[in-house]
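Just below is one structure, and these are the notes that go with it.
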Amino acid sequence: MEETIFSKIAKKQIPAYIIHENSEFMAFLDIFPSGYAQTLVIPKEQKDSYFAKNDSGFLSRFMEYTKSITTLLDSKLGSLRCILMLEGFEVNHLHAKLYPIFTLQEAIDFNPRKKEKLQETVAKEILGKLG
């Protein structure tokens, strides 16, 4: 597999707004979010983006880590819940997309294809709330 932008972020070759990391996984803010505090969760070692091509034991650890990040976002940001997507068409590196949802109307109007550039002030505000 060709090295991806996520591999470079995991190796700290490219800066990112990192929320949390451990030896195996990393969570960071998406720089082109569809909504407030959209977060990406990746394995540090590049894995195929199609979840069905990954080992079940690994996927279990990945989902447990993703669950812990979801819980962090909900508790610190006050979201009702996070929408979780595992589609991976743009980058061939397994990643979970977490979209914190704050109102029922926001859930109804949810559009994961809407993208805006993350402003540094907003990123710092989010990291401050999560810290």
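The table that follows gives values for the structure above.
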read-out	value
Test set (1) assigned to a loop (DSSP other than H, G, I, E, B); (2) closer than 15 Å to Ile126 by Cβ; (3) free of Cβ contacts under 8 Å to residues at least 40 places away in the same chain - Ser75 fails condition number	(1)
Only one of Ala37, Ala10 that is closer than 20 Å to Gln119 by Cα and touching a strand residue (DSSP E or B) at 6+ places or on another chain (Cβ under 6 Å)	Ala37
For Lys114: the one exception among (1) free of Cβ contacts under 8 Å to residues at least 40 places away in the same chain; (2) farther than 20 Å from Gly131 by Cα	(1)
In the stretch 1-42, the residues that are open to solvent by less than 60 Å² (accessible area, probe 1.4 Å), of a type outside the set (Gly, Ala, Ser), closer than 24 Å to Phe102 by Cβ and in a strand (DSSP E or B)	Ile18, Ile19, Phe28, Leu29, Thr39, Leu40, Val41
Filter result (open to solvent by 50 Å² or more (accessible area, probe 1.4 Å) and either in contact with a Lys or Arg (Cβ under 6 Å, 6 or more places away or on another chain) or hydroxyl-bearing (Ser, Thr, Tyr) (or both)) within the stretch 43-64	Tyr50, Ser56, Ser60
Of all residues in the stretch 65-118 being exposed (fewer than 12 other Cβ atoms within 10 Å of the Cβ) and closer than 19 Å to Ile9 by Cβ, the one that is modelled with the highest pLDDT	Lys117
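The values are calculated or read from the model by the stated rules, or taken from the named source; none is laboratory data. This structure is a prediction, so every number in the text was calculated from the model and none was measured. Counting neighbours? That spans all protein chains shown, and the Cβs are built from the backbone with ideal geometry, glycine included. Side chains included, ligands, DNA and RNA excluded: accessible areas come from the protein's heavy atoms. Shrake-Rupley method; radii C 1.70, N 1.55, O 1.52, S 1.80 Å.
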